[in-house]
Amino acid sequence: MNKASRIFCPSLITPKNAVVKQTEQLSRSQKLLTELGLVKSGSNGTYQIMPMAQRSVDKCIDLVQSNMQQAGGQKITLPILTPTGLWKKTGRLEGDISEFYMVRDRSGKQFLMSPTHEEAVTAMLATTSPISYRQLPLRLFQIGPKFRDELKTRFGLMRAKEFLMKDMYSFDVSEETAKETYSVVNSAYDRLFKQLEVPFVKVNAATGMMGGSVSHEYHYVSPVGEDNLLQCSSCGFAGNSEVVKASASCPSCNSSDLNEVRGVEVAHTFLLGDKYSKPLGATFLNTSGKPQSLVMGCYGIGITRVIAAALEVLSSDHELHWPKLLAPYDVCLIGPKQGSKEQPQAEVIENELLLNVGEICGHQELLHDDRKELTIGKRLLEAKRLGHPLTIVVGAKSARQDSPKLEVHTSKGETYELDFSETLKLVAEHSQNKKSLERGCFQRETEESKSRSVGHQL
Ligand SMILES: [Zn+2]
């Protein structure tokens, strides 16, 4: 059971009239995350993730992981330190290296604190005794911290110097099968982003420093985005302005109704060919036993950036709103105030709810706000700012002799007055929605299910 009184949640209280030294540009979601004690700013563009936000990060990791495994991915962990010599071989040290963290060990050997792992994973395969065509395709992924010495860190977790990434690398026998892998992984990405229920656009992208031939980016559209996108309002086609340069009409439907929007890049996929396998000598033995270069792809998802950008898109200035599958908890239960007239009777109901709600949504998904020294109003305000999908208030009306009622608030801003069983029904409905999302069912909410049969809306 999660008790609000026990959770380490170092909220930031700024005294009125205080002069706050603004060292960094904050977005509204980042401001809320910091004020509510979910994320703390560390030194110089790094962040400390507190328990409640960590729950969201862990849920995102699980979701990404399950989608990667469905796409045939196998999880590995590569060292954060990559010898710079490998990057010399692929030519990537000759580009702009100002954003790389380099360290030396005591013998003077130089390493990169990896911003990405193409070299490391390809070198690993190059030193693996002959790989047979029978072992391919191979799809390896990891989830771990990445480092980039950003000149300008911005918007908290959205652009930090250390961030959490999922990176997958695929190895195939030919360009043709590599394209199949590319489409399998892209479908897994499409499914993942639908599960998160934040509108996203997928665009053809420039391959940039990664190289290769084909590339797609996944963006959340937000004013704080750093990429310019062109979106067609007739067919929905979107392209990175770098790619769809000066095009007066949509490449897909020819409509001239193109709008410029800002996008936050949350994922990126590349078909790499032999750009890394060739210089690093990563080969497999083909059907006639001859060594041949592996054909590669790489696929990134910024885990912490997905969360930060999703919150930015969904939240208001005063309240966080989470994707259903990433909310730290499903339900928050607020008990009666200490010393109130209704306390004894309300606590009987509170205890029954703790048991029943926990059984329906899972005890780990229930947050019990047991800080009874605080008024219900104060706790409800905080619950709303934290954006719990459902908040159940066990207040004065719960202790009424005739038709006791609970107040239920949803993160969509609806408030219901419900009896005990109607409340459980609403919790069950939420859990069902989550389960079908996890299974990858994306049926649109029907009008019927929208106008709930339970209770009446206040
Ligand atoms: Zn179009």
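Taking every alpha-carbon pair under 8 Å whose residues sit at least 6 apart, region 28-314 reaches a relative contact order of 21 percent.
Of VAL313, VAL357, the order by accessible heavy-atom surface (1.4 Å probe, DNA, RNA and ligands excluded), from most exposed downward, is VAL313, VAL357.
Less than 5 angstrom separates the built amide H of SER316 from those of HIS321, all sequence-distant by 5 or more or on a different chain. Distant-in-sequence amide contacts of LEU36, defined by a placed amide H-H separation under 5 Å and a gap of 5 or more residues or a different chain, comprise LEU12.
Using Cα atoms only, what is the angle between the long axis of helix 51-70 and the major principal axis of the chain, expressed in degrees (0 to 90) to the nearest 10? Roughly 50 degrees, rounded to the nearest 10. Using the Karplus relation 6.51 cos²θ - 1.76 cosθ + 1.60 with θ = phi - 60°, the per-residue 3J(HN,Hα) values for region 119-128 come to 4, 4, 6, 5, 5, 4, 5, 5, 9, 8 Hz, with x marking Gly and Pro.
What is the Cα radius of gyration of region 255-332 over 2.2 N^0.38 Å, N being its residue count? All intermediate terms of the calculation are to be shown ahead of the outcome.
Details: Rg = 21.4 Å, N = 78, 2.2 N^0.38 = 11.5 Å.
It is 1.85.
Think of the chain as having a plus end and a minus end, set by charges on the Cβ of Lys, Arg, Asp and Glu; of GLN338, LEU367, LEU26, LEU26 sits farthest toward the positive end of this dipole.
To the nearest 10, the accessible area of ILE97 is 70 Å² with a 1.4 Å probe. Assuming charge only on the beta carbon of Lys and Arg (+1) and of Asp and Glu (-1), the dipole of region 329-457 about its Cα centre is about 360 debye to the nearest 20.
Placing +1 on the Cβ of every Lys and Arg and -1 on the Cβ of every Asp and Glu, with nothing else charged, gives region 28-314 a dipole about its Cα centre of roughly 700 debye.
As I understand it, the dipole of region 329-457 uses +1 on the Cβ of Lys and Arg and -1 on the Cβ of Asp and Glu, about the Cα centre. Which of SER436, ALA383, ALA399 lies farthest toward its positive end? The listed residue farthest towards the positive side: ALA383. Taking 21 Å as the straight-line reach from the Cα of LYS152, the lysines in range (excluding those fewer than 8 positions away in the same chain) are LYS21, LYS31, LYS40, LYS161. When the Cα positions of ASN254, PHE284, GLN231 are compared along the charge dipole of region 183-327, PHE284 comes out farthest toward the positive end, with charges on each C-beta of Lys, Arg, Asp and Glu. Scanning residues 5 or more positions from ARG154 or on other chains, those with amide H under 5 Å from its amide H are ARG159, with H placed 1.01 Å from N in the peptide plane.
For the chain, adding -39500 (n - 2.57) for each run of n ≥ 4 DSSP H residues and dividing by the number of residues yields -9000 deg cm²/dmol at 222 nm. The lysines whose alpha-carbon is closer than 20 Å to the alpha-carbon of LYS290, local same-chain residues fewer than 8 away aside, are LYS275, LYS278.
Across region 329-457, Cα pairs under 8 Å and at least six residues apart give a relative contact order of 26 percent. Based on a Kirkwood Rh over C-alpha pairs, give the Stokes-Einstein translational diffusion coefficient of the chain at 37 °C and viscosity 0.692 mPa s in µm²/s. It comes out at roughly 134 µm²/s.
Can you give the FRET efficiency for HIS318 and THR287, using 1/(1 + (r/R0)^6), R0 = 60 Å, r = Cβ-Cβ distance, to the nearest 0.05?
That gives a FRET efficiency of 0.45.
Using a Förster distance of 51 angstrom, determine the FRET efficiency expected from the C-beta separation of SER403 and LYS278, and round it to 0.05.
So the FRET efficiency works out to roughly 0.10.
Taking all protein chains together, ARG385, ARG106, ARG439 sort by accessible area into ARG106, ARG439, ARG385, largest first [probe 1.4 Å].
Note down the accessible area of ASP257, probe 1.4 Å, to the nearest 10 Å². Looks like 80 Å² after rounding.
Unpaired Cys in the chain, meaning no second Cys C-beta under 4.7 Å: CYS9, CYS60, CYS298, CYS332, CYS361, CYS441.
Roughly what % antiparallel, to the nearest 5, for the DSSP beta bridges in the chain?
Counting only bridges with both partners in the chain, antiparallel ones make up about 80 percent.
For region 224-230, backbone phi angles converted through the Karplus equation (6.51, -1.76, 1.60; θ = phi - 60°) give residue-by-residue couplings of 7, x, 10, 10, 8, 10, 10 Hz, Gly and Pro being listed as x. Estimated from the Cβ-Cβ distance and a Förster radius of 25 angstrom, the FRET efficiency linking ASN228 and ILE61 is about 0.25.
Taking 0.36 nm per residue of separation and subtracting the Cα-Cα distance, what length does fully extending ARG262 through ALA248 add? So the chain would gain 3.2 nm between ARG262 and ALA248.
When only the Cβ of Lys, Arg, Asp and Glu is charged (+1, +1, -1, -1), the dipole of region 267-348 relative to its Cα centre reaches about 540 debye. Taking the C-alpha atoms only, the angle from helix 343-361 to the longest principal axis of the chain is near 30 degrees.
Using DSSP to define loop residues, name the GluC sites (Glu not before Pro) in region 95-145 whose beta-carbon has at most 15 other beta-carbon atoms within 10 Å. Taking region 95-145 and a limit of 15 other Cβ atoms within 10 Å, the loop GluC sites (Glu not before Pro) found are GLU99. Accessible surface for LYS194 stands near 100 Å², nearest 10, in the context of the full protein assembly shown (1.4 Å probe).
Coupling constants for region 295-307 follow from the phi torsions by the Karplus curve (6.51 cos²θ - 1.76 cosθ + 1.60, θ = phi - 60°), and in residue order they are 9, 10, x, 9, 9, x, 9, x, 4, 5, 6, 4, 5 Hz; glycine and proline get x.
The values are calculated or read from the model by the stated rules, or taken from the named source; none is laboratory data. Just so we're clear, the structure is a prediction, and the values are computed from it rather than from any experiment. FYI the Cβ positions are ideal-geometry reconstructions off the backbone, even for glycines, and counts take in every protein chain you see. The accessibility values were calculated without ligands, DNA or RNA, using every heavy atom of the protein model including side chains. Shrake-Rupley method; radii C 1.70, N 1.55, O 1.52, S 1.80 Å.
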